[in-house]
There are 2 protein chains.
Amino acid sequence: MKPNEQTRRLMVGGVPLGGGAPCAVQSMLNTPADDAQTNLDQIERLADAGCEIIRMAIPQRSCLDTFQAVCEASPLPVVADVHFDAEIAIQAARRGAAKLRINPGNIGGPAKTDAVIDAAGEAGIPIRIGVNAGSLDDALKARTDLTLPQKLAASAEEYVGYFHARGFDDVVVSTKASDVPTTIAAYRLLAEKLPSTPLHIGVTEAGTLFQGLVKSASGLGVLLEQGIGDTMRISLTDDPVQEVRACWTLLAALGLRRRGPEIVSCPTCGRCKVDLIGLARAVDDCLQAVHKPLKVAVMGCVVNGPGEAADADIGVACGDGVGVIFKQGETLRKVDETAIVDALMEEIGKL
Amino acid sequence: MKPNEQTRRLMVGGVPLGGGAPCAVQSMLNTPADDAQTNLDQIERLADAGCEIIRMAIPQRSCLDTFQAVCEASPLPVVADVHFDAEIAIQAARRGAAKLRINPGNIGGPAKTDAVIDAAGEAGIPIRIGVNAGSLDDALKARTDLTLPQKLAASAEEYVGYFHARGFDDVVVSTKASDVPTTIAAYRLLAEKLPSTPLHIGVTEAGTLFQGLVKSASGLGVLLEQGIGDTMRISLTDDPVQEVRACWTLLAALGLRRRGPEIVSCPTCGRCKVDLIGLARAVDDCLQAVHKPLKVAVMGCVVNGPGEAADADIGVACGDGVGVIFKQGETLRKVDETAIVDALMEEIGKL
């Protein structure tokens, strides 16, 4: 469960990646690529939520001025996401990108790739090599002796070798797939074959919130629990702030990093005499504004509550229309059901 | 990633557990324990969502009539969840329970445990031994040479030995914790020490929907991916239907079982020109009523869309105000943004 200490330490702006650094949290802007202010507003919200590195797509050259303006004003390091046009990547490196994200399979061949590598080298920034199933080269795609994860890993290995041969070592690699077992298998192969290369992990096109959380938490959970992953993005078809919240929730669940409170709440059962779902949601909402790493318990039953949540910093055990507020297993006071949320938040404020 | 074929095959009503059977999906009723009809209504909703085994708490003896009425009318096998009072467990076995769930640590000592074992034996039903941190015996709790997962596993091992010594082999074991690393470590020990005992896996008190999905999918994902887990419950402080949906989503994500469609949708980025989040959510909602195992793609960008989602059964790639409906990578037709959901559902209906 420790971050990979074998990988090479890189810097993305001021954020360390690899070499035992904690897994860094990323997201991607989904605001129009040609309007600096809406992008900066979204970066602000993402930074508040705990985002550490932000990626921005630059779909055409006309967006480079906006990209530069965003880089200049952004509190977070900005990664330029570029496809098809190497010139955009070169310009992005010169205009403030903290990292480039390219797929050598679609950037226009070796000469163009070399030009991008040289531009990144001059700017002193790393490059993420993002390999995916769609852009595998035809020879590799056609091989019947390899599984898809083996093809993805082989392609990544080949590109990393190419970059190293050109004297460029500051590479991060990703081989995301929308299929969880493929993603897990591909990253396990990468960790084995490229032990010193930092890995950017993610399940791509994971879907809307519910399915996206389940696919990403299971796929990335398996990898992180095994010590694989130097930086992560959880892709959701939702507000990017939810992506950041999901990353932190997963890192906290695995005991790797913690930011903000964790809620321990029982699933309700036939023993429960209050609206525990509503109560837990209300507490959850209030806790979004708290950044202390607390464990808060919301339990449906007075008999088991304080005992089962004895390790919580603060909590409530509910009875018939009442709640008993407790702190590290010790009872503080009994309040009416309607006053539970306020009482809990008041005690949290005192901690 | 295969279900554990080493575990002993048990039956919970008509549902097989262990011995290579697919991991069975469980949930727990949260309707009042003294009203049969509301429980049966909830069972109906859970069965529709794909629940295979349902658990019901029997908090006091006066609820046994209700329990019996529920068992008689339920389309799903009903597990009696009993704490503290062995007589309730004995009566539940005689009145239609398909399985008992007890914690020998709180049922009143060896003589009471023996009576429960005998009642289950006479009824021909299995027992789940549910061990948790709160009810470890004092001698075990006090040992400083063991970690919590080791204590949980040791306690479970001792109980299973006790049941076997009494000639009762139809046991399932769980050692849930609200902490994910503890849960993972405890179940790994159990799988090693009790290789022939079916395991009921879960992360307990995982919280409200968002955090609960992340904690459960990561913890259970790690176990299932390793082949551990004969039946599962995802505990959420939410409608139990969401628990069932979460189980299926996780099993599908790991490629273990599939029920209903999977949605592949890209996280939006600066290239996207439609309200993809709204669109993906609308498609997701419509798909809840579809039980065919389909892969449906909702992509934000016409250029990459059909290519990246070539393996989808059906999908849409959006452009500026339009959507191109495609089937297994082949374009079917182009529709206005407002007509996308209807066109997609129409094509799904034809499959």
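The values are calculated or read from the model by the stated rules, or taken from the named source; none is laboratory data. The structure presented is a predicted model; accordingly, all values stated were derived computationally and were not measured. Quick reminder, even Gly has a Cβ in these numbers, built from the backbone with ideal geometry, and neighbours come from all protein chains shown. The area values use the complete protein model at the heavy-atom level, side chains included, leaving out ligands, DNA and RNA. Shrake-Rupley method; radii C 1.70, N 1.55, O 1.52, S 1.80 Å.
Some values worked out for this structure:
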quantity	calculated
Apportionment of accessible area to carbon and sulfur, the protein assembly as shown, percent (1.4 Å)	49
Summed buried accessible surface, chains B and A, 1.4 Å probe, nearest 100 Å²	5400
Over 32 Å (Cα to Cα) - which of A:LYS99/A:LYS350; A:LYS273/B:LYS99; B:LYS141/B:LYS215; A:LYS141/B:LYS327; A:LYS327/B:LYS141 fall in this group	A:LYS99/A:LYS350
Hull volume in cubic angstrom per residue (convex hull over the Cα atoms of segment A:240-305)	100
Accessible area, probe 1.4 Å, largest first, for residues A:MET345, B:MET56	A:MET345, B:MET56
Note, ³J(HN,Hα) from phi for segment B:215-222, Karplus 6.51, -1.76, 1.60, rounded to Hz, x at Gly and Pro	5, 5, 5, 6, x, 6, x, 4
Table column - 3J(HN,Hα) (Hz), segment B:181-191, Karplus curve with 6.51, -1.76, 1.60, x for Gly and Pro	x, 5, 4, 4, 5, 5, 5, 4, 5, 4, 4
Inter-label distance for A:LYS327 and B:GLU5, nm, one decimal - labels placed 7 Å from Cα along Cα-to-Cβ	5.7
Within 10 Å of each Cβ in A:178-184, the average number of Cβ atoms from other chains	5
Value of relative contact order over segment B:46-94, rounded to a whole percent, pairs C-alpha under 8 Å and six or more apart	43
Relative contact order computed over chain A (Cα-Cα under 8 Å; 6+ residues apart), in percent	13
Hydrodynamic radius of the protein assembly as shown per Kirkwood, over alpha carbon pairs, in Å	26.6
With DNA, RNA and ligands ignored, accessible area of A:GLU330 (1.4 Å probe; Å², nearest 10)	130
Cβ-derived FRET efficiency at R0 60 Å, B:THR147 paired with B:ASP35, nearest 0.05	0.90
At 7 Å out from Cα toward Cβ: A:GLU192 inter-copy label distances (nm, ascending)	2.1
Alpha-carbon centroids, segment A:168-228 and segment B:212-255: separation in whole Å	19
Shape category assigned to segment B:262-350 from the gyration tensor of Cα positions, a/c cut at 1.5	rounded
Cα principal axis extents for segment B:1-141, largest first, Å	45, 43, 29
Inter-label distance for A:ASP118 and B:GLU72, nm, one decimal - labels placed 7 Å from Cα along Cα-to-Cβ	8.6
Nm distances between copies for B:ALA165, ranked from closest, using label points 7 Å along Cα→Cβ	6.8
Size descriptor, Kirkwood hydrodynamic radius, that averages inverse alpha-carbon separations across chain B, Å	21.9
Whole-angstrom gap from segment B:256-290 to segment B:35-92, using each part's C-alpha centre	36
Fraction of beta bridges assigned by DSSP in chain B that are antiparallel (%, nearest 5)	30
Solvent-accessible surface (1.4 angstrom probe) belonging to A:THR7, in square angstrom, nearest 10	10
Nearest-10 value in Å² for the accessible area of A:GLU44, using the 1.4 Å probe	110
Distances in nm from B:ASP145 to the matching label points in the other copies, shortest first (labels 7 Å along Cα to Cβ)	5.3
Amide H partners (placed H, <5 Å) of B:ALA57, local residues excluded	A:GLY270, B:LEU29, B:ASP81
Å² of accessible area per residue within segment B:143-196, as computed with a 1.4 Å probe and no ligands counted	41
Inter-label distance, nm, simple model (7 Å from Cα along the C-beta direction), A:ASP336/A:GLU87	7.1
